[in-house]
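So the structure is just underneath, and the comments pick up after that.
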Amino acid sequence: MKVPLTLAPPMARDETDWTALLNFAALRGQLRVSFGPACNIACWFCHDEGDIPPGLARQDASKKQRPRSLCAAHYVTVITALMEAGLKRVYFTGGEPLTSPLARPVLEQLPQPGPDTSYTLITNGTRVRASQRWLAEVPLDKVKVSLHYFSDDTFRAIAATRLGIATVLDGIEAARELFEQVELNCLLLKDNRHEVRSILDFALARRMPVQFIELVGTDFNVERADAAVPADDIVAHLRTLTRDEHTEVAGVGQGRRVFRVDGIEIDVIHRNLGRHHVGQCGTCPQRSTCVEGFWALRLDHDGGLMPCLLRSDLRLDLKALLDDPDRLVAAVAGHVAAFTEGTL
């Protein structure tokens, strides 16, 4: 991991250019909030929102994850300030967020979402049942469960765990008991290629949307880059199930193919549909391998905010601004503007 930059003092709020941040929000850009790298499984492809993945940290003691600097109140301050500044979509990630002692106090103290805002929990599903009682009281709009496996053997091969797939499937049912919106996501890999249709059938039988995603290459999974599988097979299969298909390339992030099967939305994140690149991407040394572009701001447990998963050297350190929300959002707006203009 590269050492974060030390940035100049942020602009005063009345001198800040808000255009880039507001455009990012209008294009459905995400604020991805990581409670930390802790996880009870260790999927080999994990990018840990830019930190050292759990599996790699366990294998190599020289790989040090970032220290924790934020408490629950800090998280709530940052989330509230950025939502008041215009961000609409907040996703809670990890590691596995439900392993963190901060998950409950943060989620319980979230500002009530407005009509055009949303909170989404992304989880591996294994801790949902145990957390069900308190999850029932938090203002989440959606739960997305990662289901990259459909058997004990595949789960253990991908996630290096002794848990069985029944734990994940029960977590999905526990989420469905609580929330109206429960969705699945599945990375397309050689490891699970034989189970992708079973995962689709499982989702359709329960009328749950599911998203199939081509693997994004990072420094952490480069040694297994050949395990990635293109989306062509699942796209071809979906076309045998429905004629209701369209593509979406507007907004931020990768383009996607959207299918509706019996009224259920199935997304395929397909790298050949393009992505949202901005000014900083023009001279980026990682541009040739980047398939994501600018689609998320990632807040980590050490108070850093990254506009790009592949460029930790562009990380903005917010720790000195946690007691001043006005200066904090001005710094974020200025950082996004500079990233968009290519002047970081």
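The values are calculated or read from the model by the stated rules, or taken from the named source; none is laboratory data. What you see is a predicted model, and the numbers here were worked out from it, not measured in a lab. Positions of Cβ are generated from backbone atoms using ideal geometry, with glycine treated the same way; all protein chains shown enter the neighbour counts.
Descriptive notes on the structure:
- Those helices (runs of 4 or more DSSP H) lying entirely in the stretch 119-219 with at least 2 residues more than 24 Å from GLY55 (Cα to Cα): 128-135, 165-178, 196-205
- Any hit, the stretch 106-113, residues being within 20 Å of the chain's Cα centre (by Cα), surrounded by fewer than 22 Cβ atoms within 10 Å (Cβ to Cβ) and assigned to a loop (DSSP other than H, G, I, E, B): yes
- Considering GLY114, GLY86, the condition of being on the phi > 0 side of the Ramachandran plot and of a type outside the set (Phe, Trp, Tyr) is satisfied by GLY86 alone.
- Close pairs (9 angstrom Cβ cut-off, 6 or more residues apart or separate chains): under 21 Å from ASP317 (Cα atoms) in the stretch 50-79, aromatic (Phe, Trp, Tyr) and surrounded by fewer than 20 Cβ atoms within 10 Å (Cβ to Cβ) anywhere: PRO53/TRP44
- For ALA160: the one exception among (1) surrounded by 18 or more Cβ atoms within 10 Å (Cβ to Cβ); (2) touching a Gly at 6+ places or on another chain (Cβ under 8 Å); (3) not acidic (Asp, Glu): (1)
- Condition broken by ARG287, with the remaining ones in (1) charged (D, E, K, R); (2) crowded, with 19+ Cβ neighbours inside 10 Å; (3) at pLDDT below 95 satisfied: (2)
- When the stretch 220-249 is filtered for residues that are small (Gly, Ala, Ser), over 24 Å from the mean Cα position of the chain (by Cα) and assigned to a loop (DSSP other than H, G, I, E, B), nothing remains.
- Among the conditions (1) aromatic (Phe, Trp, Tyr); (2) without any contact (Cβ under 8 Å) to a residue 40 or more places away in the chain; (3) buried (at least 21 other Cβ atoms within 10 Å of the Cβ), the only one that TYR149 does not satisfy is (2).
- If the condition is being surrounded by 14 or more Cβ atoms within 10 Å (Cβ to Cβ) and either hydrophobic (A, V, I, L, M, F, W, C) or touching a Lys or Arg at 6+ places or on another chain (Cβ under 9 Å) (or both), then the stretch 54-70 contributes LEU56, ALA57, SER69, LEU70.
- The number of residues in the stretch 201-214 that are under 21 Å from the mean Cα position of the chain (by Cα) and either on the phi > 0 side of the Ramachandran plot or modelled with pLDDT of 95 or more (or both) comes to 6.
- Whether a residue is over 22 Å from LEU98 (Cα atoms), charged (D, E, K, R) and free of Cβ contacts under 8 Å to residues at least 60 places away in the same chain was assessed, and ARG206 passes this test.
Every residue, every condition in (1) crowded, with 20+ Cβ neighbours inside 10 Å; (2) in contact with a helix residue (DSSP H, G or I) (Cβ under 6 Å, 6 or more places away or on another chain); (3) hydrophobic (A, V, I, L, M, F, W, C), yes or no:
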residue	(1), (2), (3)
VAL261	no, yes, yes
ARG271	no, no, no
GLY279	no, yes, no
GLY282	no, no, no
PHE294	yes, no, yes
LEU297	yes, no, yes
ASP302	no, no, no
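- Hey, PHE155 at pLDDT 95 or above and within 18 Å of ASN40 (Cβ to Cβ) or not: yes
This table checks each residue for (1) acidic (Asp, Glu); (2) assigned to a helix (DSSP H, G or I).
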position	(1), (2)
CYS281	no, yes
ARG298	no, no
HIS301	no, no
LEU305	no, no
LEU309	no, no
ASP313	yes, yes
VAL329	no, yes
ALA337	no, yes
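- Taking the criterion of being part of a helix (DSSP H, G or I) and either of a type in the set (Val, Ile, Thr) or at pLDDT below 95 (or both), the only residue of the stretch 91-105 that qualifies is THR99.
- Subset tally (residues that are among the acidic types (Asp, Glu) and part of a strand (DSSP E or B)) for the stretch 250-270: 2
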